[in-house]
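Notes for the one structure printed next.
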Amino acid sequence: MKKKPIRSLVRPLVIKLGKRIADKQFSGTPIIIGACPRSGTTILLSVLGAHPNIFAIPNQSYAFDQWVQGKTKIHGDNNLVPFRIDRLYREFLYSKVPPGPTRWLEKTPKHIRSFHKILDYMGENVQLIHVIRDGRDVVTSKHPKHSPGEYWVPVNRWIDDVSLGLSLKNHPQVLNIRYEDFIQDFEKTMNTVYSFLNEEIPSLDAWKEETNIKKSKHWNKPVQGLYKDAIQRWQKPEHKNRIDEFMSNKRAVSLLEELGYL
């Protein structure tokens with residue numbers, strides 16, 4: 001008889017122990033952030049991690065990336081369930097969760113592709129935030145850790161991810177915010193976010209000191225604050241060929257117009 005892989009033996013234990021911590025610690029509605037990569041999700045995670053009621057999970061879990069047929073409490077048998085939900089629960093085992101927060105906050109940009117499935121799976125017990133950024137800045141952005149000399153996001157990736165998020169723009173459990181508004185009108189945008197989350201607004205001036213997300217591989221440096229010079233970097237001459245490629249895509253231009261960037 002073949003032995004089961006160690007992963008298949010450990011996974012149920014991780015789910016059991018991690019879920020026990022989550023059920024005991026977090027009584028409030030979970031929050032999930034998704035977006036096209038390089039759209040500013042990490043800085044939003046850091047700001048929200050300063051709220052006393054919110055524990056920001058430090059790592060991207062990809063827990064809602066793969067789905068299989070299974071059983072849910074809400075819909076019963078033969079529904080899609082996240083195959084690697086253990087990746088979420090192991091964060092509660094490995095991370096030091098302080099006393100106080102009543103909600104967990106998870107950020108994996110790719111989860112924007114699973115927002116519809118997450119809503120079906122979790123029902124009313126979740127709130128989703130989609131961060132939108134000018135596609136020209138997104139496709140000219142380079143990741144500081146992964147292939148730092150190359151553009152990170154293809155044009156069609158931005159189109160597809162943003163379009164998926166916008167497909168839920170009228171859903172009461174989904175909030176769309178623009179990265180540019182977040183940076184340029186921080187207080188107003190965070191008021192909107194906290195109103196959506198039904199949370200009292202904390203001292204916004206102290207978020208860098210209060211957050212549990214003080215560094216990230218996606219920054220390649222400790223948290224610095226909000227910088228307006230990250231907006232319209234695409235205008236630098238070095239990006240001309242990339243922008244020409246972007247602007248030759250009719251779907252990309254149409255989406256820029258819909259979002260008010262043109």
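Key figures
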read-out: Segments classed as helices (runs of 4 or more DSSP H), wholly inside region 154-262, with at least 2 members that are open to solvent by 90 Å² or more (accessible area, probe 1.4 Å); value: 186-197, 207-210, 240-247, 250-259
read-out: Residue among ILE243, ILE231 that alone is touching a helix residue (DSSP H, G or I) at 6+ places or on another chain (Cβ under 9 Å) and within 30 Å of ILE54 (Cα to Cα); value: ILE231
read-out: Residue within region 152-173 that is in contact with a strand residue (DSSP E or B) (Cβ under 9 Å, 6 or more places away or on another chain) and closer than 17 Å to LEU48 by Cβ present; value: yes
read-out: Tally of residues being surrounded by 23 or more Cβ atoms within 10 Å (Cβ to Cβ) and in contact with a strand residue (DSSP E or B) (Cβ under 9 Å, 6 or more places away or on another chain) across region 26-39; value: 7
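The values are calculated or read from the model by the stated rules, or taken from the named source; none is laboratory data. Everything numeric in this text was worked out from a predicted model, so none of it was measured. Cβ coordinates were reconstructed from backbone atoms using ideal geometry, including for glycine residues, and neighbour counts include every protein chain displayed. SASA here: full protein model, heavy atoms, side chains in, ligands and nucleic acids out. Shrake-Rupley method; radii C 1.70, N 1.55, O 1.52, S 1.80 Å.
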